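S.K.: The structure that follows is given in the form of structure tokens.
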Amino acid sequence: MKQKLFLLAAAFLMLSGCSTATMGQAIDNGIPFNVKEVLHKEKVKDGVVLLYLTQQNDGQKEVEAMAAAYLKGSDKKGWKNEGHNHWEHYENEHMTVYTDTFYDYDKEGKLENRLPIIFGEIQSGDIKKVEVAGKEEKFEEAAIIKKENKRYYFKMGDFHIARGLSAEGKEIIKKKKN
């Protein structure tokens, strides 16, 4: 009886060790920052790009900073944070502009996914729409994300310019990310 109980306990431990991480566990245990709030999840090939807020110390005071992460996996296979784990923060009276690119490699080192993004916070109430562009300056509309009394924008792609537009379509600000 003791031997059967021992085998049953060992099998349970082995199976629990093989269990897959949920997305929540990957966020809580895989992201090295305090994830204050998840703003947006964008489904991509083999995973999800996560836009979130974190509370950080910029050397002088506590600031709410924006960050993005690439979580690889699925609910069936489990989730893992693939990085690259940094946050950005700067002040602007109209809007912030951040760009990032995630690279996903297979076990042989071959590039599987390249995931460029542009995102930021909209501070000006006059901005009703955000458009983003790449090298050719062909503008496309970014998604506006509303959380509580704040607004953010997000778009997948090779973009490095963002502009805020009024309700009438007038350009309020145009920012280039160097």
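S.K.: Using the charge dipole of the chain (Lys, Arg: +1 at Cβ; Asp, Glu: -1 at Cβ; taken about the Cα centre), state which of I122, L71, T22 has its Cα farthest towards the positive end.
M.R.: Looking along the dipole axis, the top candidate is T22.
S.K.: Right, next: Out of Y152, N92, P32, whose Cα points farthest toward the positive end of the dipole of the chain (charges: +1 Lys, Arg; -1 Asp, Glu; placed on Cβ)?
M.R.: Of Y152, N92, P32, it is P32.
S.K.: Arranged from highest to lowest average of other beta-carbon atoms within 10 Å per residue, in what order do the peptides 117-129, 139-151, 159-171 appear?
M.R.: Top of the packing list down: 117-129, 159-171, 139-151.
S.K.: Let me ask another. Go through 70-83, 52-65 and give me the packing order, highest mean Cβ count within 10 Å leading. Can you show the working numbers first?
M.R.: Numbers: 70-83: 17.1, 52-65: 13.4.
Taking the mean over residues of other Cβ atoms within 10 Å, the ranking is 70-83, 52-65.
S.K.: With the full set of protein chains in place, find how many percent of the accessible area of the chain is carbon and sulfur; take the probe as 1.4 Å. Intermediate results must be reported in sequence, preceding the final value.
M.R.: Numbers: 5490 of 10970 Å².
It is 50 percent, rounded to a whole number.
S.K.: Where nothing but the Cβ of Lys and Arg (+1) and of Asp and Glu (-1) is charged, how large is the charge dipole of the range 38-178 around its Cα centre, in debye to the nearest 20?
M.R.: Details: 26 positive and 26 negative charges, 69 e Å.
The calculated dipole for the range 38-178 is roughly 340 debye.
S.K.: Using a 1.4 angstrom probe, figure out how much accessible area the range 54-178 has per residue, in square angstrom, rounded to the nearest whole.
M.R.: 58 Å²
S.K.: Hey, what number do you get for the chain at 222 nm if only DSSP H runs of n ≥ 4 count, each worth -39500 (n - 2.57), divided across all residues, to the nearest 500?
M.R.: Calculated at 222 nm, the ellipticity per residue is -3000 deg cm²/dmol.
S.K.: Another question about this same structure. For the chain, what number results from the quotient of the Cα radius of gyration and 2.2 N^0.38 Å?
M.R.: Rg over 2.2 N^0.38 Å, computed on Cα atoms: 1.29.
S.K.: To continue, here is another question. Helix 2-17 versus the longest principal axis of the chain: what is the Cα-based angle in degrees, 0 to 90, to the nearest 10?
M.R.: 20 degrees
The values are calculated or read from the model by the stated rules, or taken from the named source; none is laboratory data. It should be emphasised that the depicted structure is a prediction, and the values quoted were computed from it without experimental measurement. Here Cβ is always computed from backbone atoms with ideal geometry, including for glycine, and neighbour counts include all displayed protein chains. These accessible areas exclude ligands, DNA and RNA; they are computed on the full protein's heavy atoms, side chains included. Shrake-Rupley method; radii C 1.70, N 1.55, O 1.52, S 1.80 Å.
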